[in-house]
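One structure below.
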Amino acid sequence: MHFSGTQMEEYKDCKHVDDHTYETVYSNSKITKETFSSRKLWIKIFILVMTISLVFSVLGVTVTYLVMCRELCGKPTPSNSSTTVDQQISIISKKLDKIQIKSENLTQQTKLVAFTACVIVDTTVQKGQTIKFKDVKTSVGLGNLSDSISSGIFTTKDTGLYQVIVIVKTHTDAAAFTVNRNSAILVSGYVAQHTDRGEGTNFDHMGTAVVMVFLFRGDTISVTPDIEVYLHNETCLSMVKI
C-alpha cells in the first residue's frame with residue numbers, strides 16, 4: 001500500500017499523539033501505583049504503631065495489677081497484725097520466764113544452805129513418832145525455822161543435792177530409827193546392843209545414819225524411831241546443801 005506525502009505526515013502526527021497519550025497514561029499509572037504503595041506503607045506503619053502502643057498499654061496494666069496485688073497481699077489486716085503482735089509478746093514472755101527460771105535455778109545451786117538442830121532436853125519418843133529437834137545450833141540460808149522446830153519435819157526450800165546426817169544418843173538397847181523423805185524411808189540407823197555392866201541400868205550409846213539425797217523444793221526430811229527410845233539432847237539432825 002502506498003501513502004502520499006500528506007498522508008505520511010498525518011500518520012506521523014497521529015502516531016506522535018498516540019505515543020504522547022500512551023506516555024501520559026503510563027506515567028499516570030505509575031504515579032497511581034506509587035501513591036497506592038505509599039498509602040499501603042503508611043497503613044502498615046500506623047498498624048505497627050497501634051500494635052506497639054497496645055502491647056505497652058497491656059504491659060503497663062499488668063505491672064500495675066501485680067504491684068497492687070503484692071501490696072494488698074503483703075499488708076496484714078488489722079486483726080492479723082494484732083494477732084502477730086500478741087504472738088510475739090507471748091514468745092517474749094515465755095523466753096523471759098525461761099530466763100527467770102534458769103536464774104532462780106542458778107541462784108539455788110550456788111546458795112549456801114545448812115543447819116544443825118538437836119533435841120533440846122532428854123526425852124522419851126514413841127515408836128513412829130517424829131523426833132523434834134528444837135535446839136537449833138546452826139542455820140544458814142534457811143530463814144525462820146519455827147515451823148520445822150515445832151513439827152520436827154524440815155521442808156526443803158531450795159532444790160539441790162543434800163547430805164543428811166542423823167546422830168542418835170540413847171541408853172535404849174538396840175534402838176533403831178529411820179530417816180524419811182516425804183514419809184518414805186530413805187535410810188535406817190541402828191544403835192548397837194549394849195549391857196548394863198551388871199549395875200542394873202543401861203549405859204548411853206550412839207548410832208549414826210548418813211545419806212546423800214537430791215531434794216526438790218517442797219520435799220521433807222524427818223526422823224522416827226522404830227521402837228520406843230529414850231533420847232539424850234546430843235541427838236541431832238544436820239543437813240547441808242552441796
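Every number here is computed from the coordinates shown, using simple stated rules; none is lab data. What you see is a predicted model, and the numbers here were worked out from it, not measured in a lab. Cβ sites come from the backbone with ideal geometry, for glycine too, and all protein chains shown count toward neighbours.
Tabulated data
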item	result
Within-11-Å neighbourhood charge of Tyr230 [Cβ basis; K, R +1; D, E -1]	-3
Subset of Lys95/Lys157; Lys127/Lys241; Lys127/Lys169; Lys132/Lys157; Lys137/Lys241 violating a 22 Å alpha-carbon distance limit	Lys95/Lys157; Lys127/Lys241
Added length on full extension, which subtracts the Cα-Cα distance from 0.36 nm per residue, Thr84 to Ser146	17.3 nm
